[in-house]
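Q: Sending over a structure as structure tokens; questions will come in a sec.
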Amino acid sequence: MNPSPSRLHATTVLAVRHRGQVALGGDGQVSIGQTIVKAGAKKVRKLHGDRVLAGFAGAAADAFTLFARFEAKLEEHRGNLPRAAVELAKEWRTDRVLRRLEAMLAVADRDHSLIVSGNGDVIEPDDGLIGIGSGGPYALAAARALAAHSDLDAKGIVAEAMRIAAGICVYTNDHVTVETL
């Protein structure tokens with residue numbers, strides 16, 4: 001069974017491409033059921049020589065598996081983000097073990113921002129904004145408003161939109177990590 005964005009009650013990850021900058025942020029909350037077990041987890045990271053940003057929503061162990069597989073695909077395809085994402089999505093969808101993973105990835109480089117899922121989805125939003133996880137829709141809505149009506153840069157939009165999402169979604173906190181390119 002593959003996750004849908006509404007089933008991932010684990011986190012909020014937001015990617016913003018704005019005015020030539022790229023930022024990706026994630027909250028730090030780790031929940032098991034209704035209980036918060038950690039507040040400062042790091043769910044975003046830089047990959048491939050700090051040229052690619054990646055963040056996950058879903059089960060932590062599954063996400064670490066996906067990060068490792070995705071980084072291997074990036075190496076295999078010499079940093080070509082769209083190709084690596086498509087190859088990961090194909091493998092994720094068809095591999096007996098991988099297709100049971102409960103996670104989604106948001107990935108970005110200087111040219112592309114993509115959502116990658118176990119359903120075989122590789123989606124590049126038209127506006128360069130991505131929100132995944134339980135608080136993703138809230139962070140995404142806030143980022144769209146901030147991008148259109150503020151003077152904030154990409155990192156500032158991510159930080160403020162994540163703060164807004166943390167005030168709405170019980171599975172999102174305000175211990176935010178933001179990485180930029």
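The values are calculated or read from the model by the stated rules, or taken from the named source; none is laboratory data. The structure presented is a predicted model; accordingly, all values stated were derived computationally and were not measured. With ideal geometry, Cβ positions are generated from the backbone for all residues, glycine too; neighbour counts draw on all protein chains shown.
For every residue, the table says whether it meets (1) under 18 Å from residue 118 (Cβ atoms); (2) in contact with a Phe, Trp or Tyr (Cβ under 9 Å, 6 or more places away or on another chain); (3) at pLDDT below 85; (4) among the hydrophobic types (A, V, I, L, M, F, W, C).
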residue	(1), (2), (3), (4)
1	yes, no, yes, yes
11	yes, yes, no, no
20	no, no, no, no
41	no, no, no, yes
45	no, yes, no, no
58	yes, no, yes, no
78	no, no, no, no
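Q: Exactly one condition in (1) surrounded by fewer than 23 Cβ atoms within 10 Å (Cβ to Cβ); (2) within 29 Å of residue 37 (Cβ to Cβ) is false for residue 103; which is it?
A: Of the numbered conditions (1) surrounded by fewer than 23 Cβ atoms within 10 Å (Cβ to Cβ); (2) within 29 Å of residue 37 (Cβ to Cβ), the odd one out for residue 103 is (1).
Q: I've got another one for you. Please pick out the residue among 102, 76 that is of a type outside the set (A, V, I, L, M, F, W, C) and free of Cβ contacts under 8 Å to residues at least 12 places away in the same chain.
A: Values: 102 fails: free of Cβ contacts under 8 Å to residues at least 12 places away in the same chain.
So the residue among 102, 76 that is of a type outside the set (A, V, I, L, M, F, W, C) and free of Cβ contacts under 8 Å to residues at least 12 places away in the same chain is 76.
Condition check ((1) in contact (Cβ under 8 Å) with a residue 24 or more places away in the chain; (2) in contact with a Lys or Arg (Cβ under 8 Å, 6 or more places away or on another chain); (3) surrounded by 22 or more Cβ atoms within 10 Å (Cβ to Cβ)) across all residues:
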| position | (1), (2), (3) |
| --- | --- |
| 118 | yes, yes, yes |
| 133 | yes, no, yes |
| 142 | no, no, yes |
| 156 | no, no, no |
| 165 | yes, no, yes |
| 171 | yes, no, no |
| 178 | yes, yes, no |
| 181 | yes, yes, no |
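Q: Just give me the residues in segment 45-60 being in a strand (DSSP E or B) and either surrounded by fewer than 24 Cβ atoms within 10 Å (Cβ to Cβ) or touching a helix residue (DSSP H, G or I) at 6+ places or on another chain (Cβ under 8 Å) (or both), in sequence order. Can you show your working first?
A: Taking segment 45-60 and keeping what is in a strand (DSSP E or B), we get 45-47, 52-58.
Matches in segment 45-60: 45, 46, 47, 52, 54, 56, 57.
Q: Which one of the conditions (1) touching a strand residue (DSSP E or B) at 6+ places or on another chain (Cβ under 9 Å); (2) over 21 Å from residue 170 (Cβ atoms) does residue 44 fail to meet, given that it meets all the rest?
A: Checking residue 44 against (1) touching a strand residue (DSSP E or B) at 6+ places or on another chain (Cβ under 9 Å); (2) over 21 Å from residue 170 (Cβ atoms), the one that fails is (2).
Q: Identify all residues within segment 47-66 that are hydrophobic (A, V, I, L, M, F, W, C) and closer than 22 Å to residue 171 by Cα; write none if there are none. First the steps, then the outcome.
A: Taking segment 47-66 as the starting set, the residues that turn out to be hydrophobic (A, V, I, L, M, F, W, C) are 47, 52-54, 56-57, 59-61, 63-64, 66.
Result: 54, 56, 57, 59, 60, 61, 63, 64, 66.
Q: With respect to residue 87, is the statement that it is without any contact (Cβ under 8 Å) to a residue 24 or more places away in the chain and surrounded by 19 or more Cβ atoms within 10 Å (Cβ to Cβ) true?
A: Values: without any contact (Cβ under 8 Å) to a residue 24 or more places away in the chain: yes; surrounded by 19 or more Cβ atoms within 10 Å (Cβ to Cβ): yes.
For residue 87, the condition - without any contact (Cβ under 8 Å) to a residue 24 or more places away in the chain and surrounded by 19 or more Cβ atoms within 10 Å (Cβ to Cβ) - is met.
Q: From the set of residues in segment 145-154 that are over 21 Å from residue 46 (Cα atoms) and touching a Gly at 6+ places or on another chain (Cβ under 9 Å), which is surrounded by the fewest Cβ atoms within 10 Å (Cβ to Cβ)? Full working, then the answer.
A: Within segment 145-154, the first condition is being over 21 Å from residue 46 (Cα atoms), and the residues that meet it are 145-152.
Among the residues that remain, those that are also touching a Gly at 6+ places or on another chain (Cβ under 9 Å) are: 146-147, 150.
Values: 146: 21, 147: 19, 150: 11.
Here the residue is 150.
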